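Student: Next up is a structure, given as structure tokens.
Where a number appears in this text, it was derived from the coordinates with a stated rule and is not lab data. No experiment lies behind these values; they were computed from the predicted model shown. As a convention, Cβ positions derive from the backbone with ideal geometry for all residues, glycine included, and neighbour counts pool all protein chains shown.
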Amino acid sequence: MKSRALALAALATLAAAMASPAWAVAPAPLPVASYQLSHNGPDFYGYNDPGTDLTDGVMDVQVGGGYWAWSPYVLWDGVSPTITFDLGSVHQVDHIEAHFLAYPSAAVTLPVSASVRYSVDGVSFSSAQVVPAHDGLALSNDLPVTLSFLTPGAGRFVELTLGTPGRWMALSEVQLMAAPVPEPDAALLMLAGAGVLLAARRRKA
Ligand SMILES: [Ca+2]
């Protein structure tokens, strides 16, 4: 009796979830095969990038002011770097999330703009979508800041250019977020699974 009540409760929850118009897969980061930098960071204190810093999942680390503690970040001083990501195959990108650290007393702030272009073949790129990076955000020292750039497009290659604030920028991770897609198949599969479970419990009882 108890298991039947549980199964019915599970079915009711499923039905409620399916009735919701928001039944869709939340945007998730697309796996990046590799990326290239137009400018790598300075080659001291780990300010540069061995080639994996921006996609290794390590982000929003606080540094406590120690030079070596900045090594999860790629730092640029007075340049506007272009980062070209290779997704391995063509994907639809909804928006881009870039994880920075602010440290205003050390002249580490945020980019003033982001410019994004897409390409299928890595040769011919779409025209640039330029967005302001932030809107007068109040910064404090050792503050992780995630900036979200709404620059949707499709391509295998995604080129992101960060407009320099004039001095330092510190970037730990870039996430290319997939466009959300409805997945009715997953809901049907779950419902079928619940039905099988309910039938099995009925046979047992
Ligand atoms: Ca990282």
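Student: Starting at the first residue of the stretch 162-172, write each ³J(HN,Hα) from the Karplus equation 6.51 cos²θ - 1.76 cosθ + 1.60 with θ = phi - 60°, in whole Hz, x for Gly and Pro.
Tutor: Each residue's phi maps through the Karplus curve to give 9, x, 5, x, x, 10, 7, 10, 10, 10, 9 Hz.
Student: Considering only the other residues whose Cβ falls under 12 Å of the Cβ of Leu37, what net charge follows from Lys and Arg at +1 and Asp and Glu at -1?
Tutor: For residues surrounding Leu37, the net value is -3.
Student: Continuing with this model, one more query. Take every Cα pair under 8 Å in the stretch 26-181 that's 6+ residues apart, average their separations, divide by the length, and report that relative contact order as a whole percent.
Tutor: Computed over the stretch 26-181, the figure is 37 percent.
Student: For Ser105, what is the net charge nearby, where nearby means another residue's Cβ is under 14 Å from its Cβ and Lys, Arg count +1, Asp, Glu -1?
Tutor: 0
Student: Could you list the residues of the stretch 80-101 with an amide nitrogen less than 19 Å from a label point located 7 Å from the Cα of Ser34 in the Cα-to-C-beta direction?
Tutor: 82-91
Student: Treating only the Cβ of Lys, Arg, Asp and Glu as charged (+1, +1, -1, -1), what charge dipole size does the stretch 26-181 show about its Cα centre? Round to the nearest 20 debye.
Tutor: Taking the Cα centre of the stretch 26-181 as origin, the dipole is about 240 debye.
Student: Placing +1 at every Lys and Arg Cβ and -1 at every Asp and Glu Cβ, with all other atoms neutral, what dipole size does the stretch 44-136 have around its Cα centre, in debye to the nearest 20?
Tutor: Approximately 180 debye in magnitude.
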